[in-house]
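These notes are about the structure you will find just below.
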Amino acid sequence: MRPAVLVLIAIIAAAIGWLATAATNRFSMPTPVLPVSALVTMGVIAVLTLIMGIRVLRWRNGKKKNLLNPILAARTLILAQACAYAGTLLLGWHAGISFDLLRVGTLRSGEGILWNAVLMGGGGVVMVIVGLVVERFCRIPPEDLEGGAPGPETRRGEAKGEGEYAYRGD
């Protein structure tokens, strides 16, 4: 993922969040901010992503003797990217809401909503960081790309015919 794309998404989401807040305030509707209880869901997603990423990292660094399922690794990568994108959207949306609430000031009874939006934006930052870190965990080591030294111990076992796909050394 490119950080510039994430920044662009956050800016667009902030603009849309600001416009939505301005529109809801104009028509005396509630501010469109997620409740604090959504932080629990965001935390569970971030922790699950991190756990799956650590499994891939441990295998990549050769600390596991089991063969890593390539589908699991691909799903971990996709989950990490989805976590970063979702965090970016949540951060941008709630940054736009916070900007509008700060612009208006705390003259109305929206101070609790402002803290709620700030907390949700912080949760979005955590999701972005976890997504980017886990995406780095899923990178292929340079020696695998160059065809040099073999990776973890399990790959050497495959060459001897012990793995699921046996290698014939004719």
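Every number in this text was worked out from the coordinates using simple rules, so none of it is lab data. These numbers were taken from a predicted model, which means no experiment stands behind them. We place every Cβ from the backbone using ideal geometry, glycine too, and count neighbours over all the protein chains shown.
For segment 47-62, in order, what is each residue's ³J(HN,Hα) by Karplus, 6.51 cos²θ - 1.76 cosθ + 1.60 with θ = phi - 60°, in whole Hz (x at glycine and Pro)?
Values per residue, Gly and Pro as x: 5, 4, 4, 5, 4, 5, x, 5, 4, 5, 5, 4, 5, 4, 7, x Hz.
What are the ³J(HN,Hα) couplings of segment 3-12, residue after residue, when phi is run through the Karplus curve with 6.51, -1.76, 1.60 and θ = phi - 60°? Round to Hz, x for glycine and proline.
x, 4, 5, 5, 5, 4, 4, 5, 5, 5
Taking amide H atoms as placed 1.01 Å from N in the peptide plane, list the residues 5 or more away in sequence, or in a different chain, whose amide H sits under 5 Å from that of Cys138.
Those qualifying (amide H under 5 Å, at least 5 residues apart or on another chain) number zero.
For Ile16 and Ile51, calculate 0.36 nm times their separation in residues minus their Cα-Cα distance, and state this gained length in nm to one decimal.
9.3 nm
Considering the options Val36, Ala10, Ala82, tell which one lies farthest towards the positive end of the dipole of segment 1-110, charges being +1 on Lys and Arg and -1 on Asp and Glu at the Cβ, about the Cα centre.
Most positive-ward Cα: Ala82.
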